[in-house]
Amino acid sequence: MEFDPATILPAPPPEHLETLEDYYEVQLPEDYKRFVLSHNGAIPRARRFDAAGVERLIERFLPVLADAEDHPLGWLELEVVASQLDSRLTDDPDGETVTLIPIATLFAGDFLVVDYRASALEPTIGLWDHEQSEDFAPAVTTVAKTFSELLAMLH
């Protein structure tokens with residue numbers, strides 16, 4: 001898998017990933033954490049994948065930044081995007097349980113997400129549809145069983 005080297009941002013401190021996990025009360029997939037540490041915010045050269053018979057395009061993986069406020073790509077930072085999508089990323093009306101973590105932005109406003117709805121220990125990778133998702137009713141289609149499987153699908 002190749003990435004545009006000019007788009008790879010410095011890795012966040014490993015403890016920042018731990019802080020994210022603590023905040024969202026999830027365990028991020030190990031393959032995704034390794035990716036963030038080596039290809040933070042990268043744009044892949046092979047950016048297309050198929051989901052439910054439709055070809056989709058990754059615009060970029062969301063960066064994980066310790067200080068999003070002062071970064072030019074801060075508006076695309078994982079936590080910033082998650083807070084903007086807020087109640088459309090969970091099916092818990094109390095807002096207590098985070099079930100979807102956005103990890104990549106797609107062409108036309110959709111996102112790839114780590115989906116914890118079926119399993120907190122073995123989350124899948126899903127396509128979050130911005131047009132179909134509503135507050136506490138996210139519309140997600142499973143794309144891959146793992147983050148590594150997603151990367152292998154890109155063409």
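The values are calculated or read from the model by the stated rules, or taken from the named source; none is laboratory data. The structure presented is a predicted model; accordingly, all values stated were derived computationally and were not measured. Note: ideal-geometry Cβ built from the backbone for every residue, glycine included; neighbour counts use all protein chains shown.
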Subset of segment 21-51, residues touching a residue at least 60 places away in the same chain (Cβ under 8 Å) and among the β-branched types (Val, Ile, Thr), comes to Val26
Filtering segment 1-49 for residues that are at positive phi and either of a type in the set (Asp, Glu) or in a helix (DSSP H, G or I) (or both) leaves a count of 1
Please determine whether any residue of segment 95-108 is over 22 Å from His16 (Cβ atoms) and modelled with pLDDT of 95 or more. yes
Working only within segment 96-136, note down all residues that are within 14 Å of Arg56 (Cα to Cα), part of a loop (DSSP other than H, G, I, E, B) and hydrophobic (A, V, I, L, M, F, W, C). Phe107, Ala108
So, in segment 52-96, how many residues would count as being in contact (Cβ under 8 Å) with a residue 24 or more places away in the chain, surrounded by fewer than 15 Cβ atoms within 10 Å (Cβ to Cβ) and not acidic (Asp, Glu)? 4
Among residues belonging to segment 50-95 that are among the β-branched types (Val, Ile, Thr) and assigned to a strand (DSSP E or B), point out the one that is farthest from Pro123 (Cα to Cα). Val54
